Amino acid sequence: MNITSKIWNSPSDYLQSRTPDHPVHFFAPSALQAQAKRFLGGFNGLVTYAVKANPEQAVLSNLLAAGVTAFDVASPNEIRLLRELAPHAVLHYNNPVRSKSEIEFAHKADVKSYSIDGFREFEKIEGIIPPKGVEISVRIKLPVSGAVYDFGAKFGATPEKAIELLRRVKSAGYIPSITFHPGTQCEDPQAWEAYITEAAAVARAADVTIKRLNVGGGFPAKTANGTPDLEHFFNVIDEAVTKAFPIRPALVCEPGRAMVAQSFTHATRVKSINDNGDVYLNDGIYGGLSEFPVLDVQRSYTVFPPIGGQRSDTKTMAQVFGPTCDSLDVLPNKLALPTDIADDDYVIFQNMGAYVKGVTTDFNGYGQLETVTVLSL
């Protein structure tokens, strides 16, 4: 991936000047730092950034500059990246599935916080990492609604199992905590309240006073339907913890998408328009638009001619395909595009900071994604 060193005023300035024929990821550091400070100022606990959402060094450096000192990592490579960039950052290894070699790597990198959702995973950690000063969070799952997709389908222990896990963690001498994740793009703050209530019940049944409660990520990012009131989510969480726990645990959150999404836009270019009016872009589901088939979120987008100006306000619903020879490379929903859209026009998608860089492939020879820094989006 190529990252330009020059800072441009806006995406339109860059597109008119360079007219790139590859996808361009536009990054506004000011927007990222503002969002980071919103979390740091509003959430009553430790804010850890989920690196998987966007691991670009420029993103991590700007988060550090904004005051973020802790990060949720999910692999040795993410641990290595943070140790090189910020040797003293606090790292939480909350991917609950790890090989023995990955646990050994994390231990040598001085990672002190882990999550588990099963006894075998706990036994692996127990056989490698001494308990002194090490936190183990038991991850719970519930059948709650409100998210675009549910992480509980892959991770998490039932409350009954979590009770036994928490007892094992305490008896082995580790620092006992609880964690959960309500699911991606969760727009219902009551999902957090339900999880917090259950977490307190698990701790009470296990007769364990937990050190911390990690309320996960899942905070909703801005969409075409509007900007979420994150402060309301923070207040619901804070009040629910006070109500549910007789001894209040310290709080942790791990935003990914909600932290970084609105600091990027993603510019694609029209390769061709066929006789049926179908539009072919230079990026698709094997690249920066990979989430479109699995994440049903309304995204804002604009069409920008390469010479500047505007296209017609009259729209038509068009099927949009990616550039590869795979017929699966198609956006699931038609887009309302100008009737006079033409070859070489740019279709620019907003709020695209999460899960673009890390999942872009070079399938069929595409994937030449460039990141450009701009003052504003």
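By DSSP, the beta bridges lying fully in the chain are antiparallel in about 40 percent of cases. Between the listed residues Ser10, Leu369, Phe234, the Cα displaced farthest toward the positive end of the dipole of the chain, a dipole computed from Cβ unit charges relative to the Cα centre, is found at Phe234. Taking label positions 7 Å along the Cα-Cβ direction at both Ala342 and Asp21, the computed distance is 1.8 nm, reported to one decimal. Each peptide among 297-309, 251-263 gets the average number of other Cβ atoms lying within 10 Å of its residues, and from highest to lowest they stand as 251-263, 297-309.
Treating each Cα of region 226-273 as an identical point scatterer and summing with the Debye formula, the log10 of I(q)/I(0) at q = 0.14, 0.15, 0.20 Å⁻¹ comes to -0.57, -0.61, -0.84. Taking the Cα centre of region 29-260 as origin and assigning +1 to Lys and Arg Cβ atoms and -1 to Asp and Glu Cβ atoms, the resulting dipole is close to 500 debye. Using a simple spin-label model with pseudo-atoms 7 Å out from Cα toward Cβ, Lys108 and Asp229 lie 5.1 nm apart.
With Cα atoms as the point set, the chain shows a radius of gyration and Dmax of 22.2, 69 Å.
Rounded to the nearest 0.05, what FRET efficiency do Asn95 and Gln310 give with R0 = 56 Å and r taken as the Cβ-Cβ distance? Could you check? Before the final figure, lay out each step's value.
On the way: r = 45 Å, r/R0 = 0.81.
Calculated value: 0.80.
The label point for Val359 and the one for Leu40, both projected 7 Å from the Cα toward the Cβ, are 2.9 nm apart.
Applying 0.36 nm per residue to the separation of Cys325 and Gln190 and subtracting their alpha-carbon distance, the gain on full extension is 44.2 nm. For Lys271, the lysines whose Cα comes closer than 20 Å to its Cα, not counting residues fewer than 8 places off in the same chain, are Lys315, Lys334.
Relative to the Cα centre, the charge distribution of region 81-184, modelled as +1 at Lys and Arg Cβ and -1 at Asp and Glu Cβ, gives a dipole magnitude of about 140 debye. Near the amide H of Thr373, within less than 5 Å, lie the amide hydrogens of Thr4, Trp8, Phe27, all on another chain or at least 5 residues away, with H placed in the peptide plane.
The gain in end-to-end length when the Ala58 to Glu239 segment is fully stretched comes to 61.7 nm, 0.36 nm per residue minus the alpha carbon separation.
The angle separating the long axis of helix 159-171 from the principal Cα axis of greatest extent in the chain is about 60 degrees. The antiparallel fraction among DSSP beta bridges confined to region 241-377 stands at about 90%.
Only the coordinates and a few stated rules stand behind these numbers; no lab work does. All figures in this text were calculated on a predicted structure; none of them were measured in a lab. No Cβ is skipped: glycine too gets one built from the backbone with ideal geometry, and neighbour counts run over all protein chains shown.
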